[in-house]
Amino acid sequence: MQTTHSRQDITRQYTFDEYLHKLTAHCGSDQKLTRACKLVWNLPPSEQILPNGLEVALILADLSVDSTTLLVTLLGDFRLNQDEFIESVIKEYGEEIYHLVKKVRWLHEFHIENMGDNSPEQIERLRRMLLSMVDDVRVMLIKIAYRVQRLRMLAGQDTAQRQVIARETLDIFTPLANRLGLGQLKWEMEDLSFRFLEPFTYKRIARLLEDRRDERENYIKDAVNDITSMLDANDVKAEIYGRPKHIYSIWKKMTAKQKEFTELFDVRAVRITVEAVADCYAVLGLVHGRWHHIAQEFDDYIANPKENGYRSLHTAVFGPDGKPLEIQIRTREMHEFAEFGVAAHWRYKEGSESDDSLEKGIASLRKLLDPNETKDEELIDSFHTELFPDRVFILTPRGKVLDLPHGATPLDFAYIVHTEIGHRCRGAKVNGRIVQLTYELKNGEQVEVLTSNKAAPSRDWMNPTLGYLKTKRARAKVKSWFKHQDYELNIIDGKVCYERELNRLGLVKSSLQKILDHYKQDSAEDFYAAIGRGDITPGQLANALHDVFSDKEKSIPLLAKQTKTSKKPLNSDEVRIRGVDNLLTTISNCCKPVPGDQIIGFITRGKGVAVHRKDCVNIINLENDKRDRLIEADWGDDINKTYTVSIHVEAFDRQGLLSDVSKVLTDEKVDVVGVNTFSNKDEQTADMTITAEICDLDQLGRVMDKINQLQNVINVSREHS
């Protein structure tokens with residue numbers, strides 16, 4: 001069936017049946033593919049000169065891609081950009097196709113030319129951001145094919161527009177095509193872009209090549225035949241083929257080596273692939289015996305591999321008729337390594353560092369494009385992973401790309417932009433929407449930092465349990481800011497923080513001198529100032545208070561009641577006794593060790609092994625004749641004790657307060673035993689006592705800190721018994 005338009009579509013070159021036949025020749029007939037092909041065929045011509053999905057799909061069909069890639073390519077046609085159509089794809093073609101089409105649409109709409117900063121570092125970040133945004137690498141393959149077709153159609157368009165698109169192509173898309181092993185598309189994009197950016201140089205080199213085109217092709221053919229005959233006569237099995245040079249590559253070599261066209265030795269080039277290393281040198285000897293070697297044009301990368309592991313023999317000779325001929329000789333294994341390993345062609349061409357996750361994506365795509373590979377589901381699924389799972393790529397309002405660790409927040413972003421921006425940060429917008437400073441940024445999001453006129457970081461930003469900052473660099477900047485503030489102000493802030501920790505941990509009878517001795521501080525003022533500057537963090541302070549003070553100085557034990565009584569014998573999974581299995585073990589009441597404490601065992605008479613803290617007074621003062629009954633012990637892998645604590649919350653009453661507190665407890669996986677609440681309607685306040693089971697002090701600290709950050713909360717403390 002064929003359909004025609006009343007207006008001529010200048011982007012078409014075949015009939016509908018011809019398009020359908022070419023698209024299905026490799027992947028077979030497909031009902032959805034036929035329907036999509038018909039949909040694009042029936043679209044009216046574009047008002048702008050933009051790539052037609054049918055032509056783009058033909059480019060990819062030549063690469064032997066799967067039917068899914070062709071289907072998404074057709075549905076990614078620029079004329080199908082209405083929101084209504086995109087939403088209808090999931091019903092007509094399924095969820096997978098819908099997801100891929102949305103990603104193609106995102107790439108179509110992303111305006112790279114507005115990026116602003118064109119530094120090499122910035123361009124590399126942008127390439128990686130684009131790859132990380134498309135969780136299926138075939139989407140990038142489709143975008144590259146659309147770019148090839150766009151370049152083919154640029155000849156008659158505005159010069160300025162041609163140059164913008166050509167520059168963007170050389171900066172972004174040709175390196176990506178190279179990394180994905182799409183050499184054919186890369187070469188075409190480079191030559192077309194070079195043609196628009198440097199038209200006179202392009203024409204000069206093209207004329208030089210054109211003058212010798214037939215001559216060069218015949219010359220390479222004759223050289224390959226000569227080498228084949230020579231190797232056959234010496235019983236050397238090899239694959240021999242010519243290596244074509246494209247115009248942009250020739251220009252880059254002329255520029256880099258400052259040579260004229262006639263001085264290049266690799267305009268005519270041949271590659272020989274053999275079975276073994278010995279064959280490489282045997283072929284080299286035969287070639288040098290047959291033709292005269294060109295001085296200073298020999299590199300032995302087999303005996304002396306490149307730093308990235310690349311191995312091959314490179315030589316140049318005066319070949320048939322005395323004309324320069326470049327020859328590369330390598331084994332199949334070397335060729336595979338050069339093409340797919342850490343020494344892939346794009347690495348030593350671009351000078352990029354190795355990236356294992358990117359390498360896996362490249363290898364998978366190349367397998368998908370290999371007509372000899374079976375397109376199994378496992379191979380297709382290998383694309384549905386992020387290439388850079390540990391990084392996120394974020395845009396500034398001006399389009400600059402910043403590279404942050406996974407889990408980074410708008411506050412991290414602010415400190416990456418500039419230290420002073422971080423200090424003055426008071427809020428942030430992500431894609432135009434105000435978010436909390438603890439929001440985890442996602443790939444491709446644009447962040448705008450909202451600032452005040454005065455720098456005023458919060459000490460809460462340094463608390464890792466609250467999630468304000470992911471990067472150590474940003475936390476160090478905040479700490480440094482506090483360190484340089486006024487001494488008197490640090491004393492006041494530090495004293496408030498110290499008293500809050502005392503109250504939070506129930507240490508109402510504590511001796512200040514003990515903690516001063518612990519930190520080797522000469523005065524309380526210096527101690528408070530150290531806390532205020534951030535030299536002593538809240539987490540460090542809480543741990544020190546726990547270790548320094550005895551139970552007698554605590555209004556309540558830090559971990560008061562075990563849901564499993566300490567008198568009950570522990571099982572063998574909870575405590576490990578060095579060298580002995582299945583011993584009866586009990587927790588000693590004198591020091592009450594908890595998971596995380598350093599412990600030691602004492603062999604009792606008839607009651608198994610009593611588990612003590614190593615700093616227990618009874619162990620330290622143990623009589624010498626009993627010390628041979630001490631035995632090494634540590635906590636087992638299956639510690640499942642929980643401890644009952646009561647947390648008191650004071651807040652200004654508001655709707656949803658209890659729900660927010662419950663969410664904190666749920667997120668921390670804390671089991672709630674009971675909740676008592678009292679509301680004072682006259683003063684609009686609420687008192688809440690939560691009885692919960694927690695695992696250790698670290699979890700207790702996180703829970704109390706996060707509740708304290710909730711809106712309207714005044715104070716959070718341990719409930720005194």
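The values are calculated or read from the model by the stated rules, or taken from the named source; none is laboratory data. Remember, predicted model here, so these are calculated numbers, not experimental data. Please note: Cβ atoms are built from the backbone with ideal geometry, for glycine as well, and neighbour counts cover all protein chains shown.
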### Task
With a cut-off of at least 1 residues that are over 14 Å from residue 448 (Cβ atoms), at pLDDT 85 or above and aromatic (Phe, Trp, Tyr), name the helices (runs of 4 or more DSSP H) lying wholly within the range 352-435.
410-417
#### Entry: Yes/no for residue 448 being at negative phi and in a strand (DSSP E or B)
yes
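Yes or no, residue by residue, for (1) of a type in the set (Asp, Glu); (2) modelled with pLDDT of 85 or more; (3) part of a loop (DSSP other than H, G, I, E, B); (4) in contact with a strand residue (DSSP E or B) (Cβ under 6 Å, 6 or more places away or on another chain):
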site	(1), (2), (3), (4)
479	no, no, no, no
482	no, no, no, no
485	no, no, yes, no
495	no, yes, no, no
504	no, no, no, yes
522	yes, no, yes, no
### Query
So which pairs qualify, if the first residue must be in the range 141-167 and under 16 Å from residue 110 (Cα atoms), the second must be of a type in the set (Asp, Glu) and assigned to a helix (DSSP H, G or I), the Cβ gap must be under 9 Å, and the two must be at least 6 apart or on different chains?
147/168; 164/113; 165/113; 167/113
### Query
In this structure, does residue 681 turn out to be modelled with pLDDT under 85, of a type outside the set (Val, Ile, Thr) and under 40 Å from the mean Cα position of the chain (by Cα)?
no
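For the structure I just gave you, tell me whether residue 105 is basic (Lys, Arg), under 29 Å from the mean Cα position of the chain (by Cα), crowded, with 17+ Cβ neighbours inside 10 Å and at pLDDT below 85.
no
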### Message
With the requirement that a residue be part of a loop (DSSP other than H, G, I, E, B), closer than 22 Å to residue 436 by Cβ and at pLDDT below 85, what does the range 684-710 give you?
### Response
709
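What number of residues within the range 29-56 are among the charged types (D, E, K, R) and either within 24 Å of residue 188 (Cβ to Cβ) or part of a helix (DSSP H, G or I) (or both)?
Final tally of qualifying residues: 4.
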### Task
Identify the single condition in (1) assigned by TED's automatic domain parsing to the domain that holds residue 406; (2) touching a helix residue (DSSP H, G or I) at 6+ places or on another chain (Cβ under 6 Å) that residue 434 does not satisfy, given that it satisfies every other one.
(2)
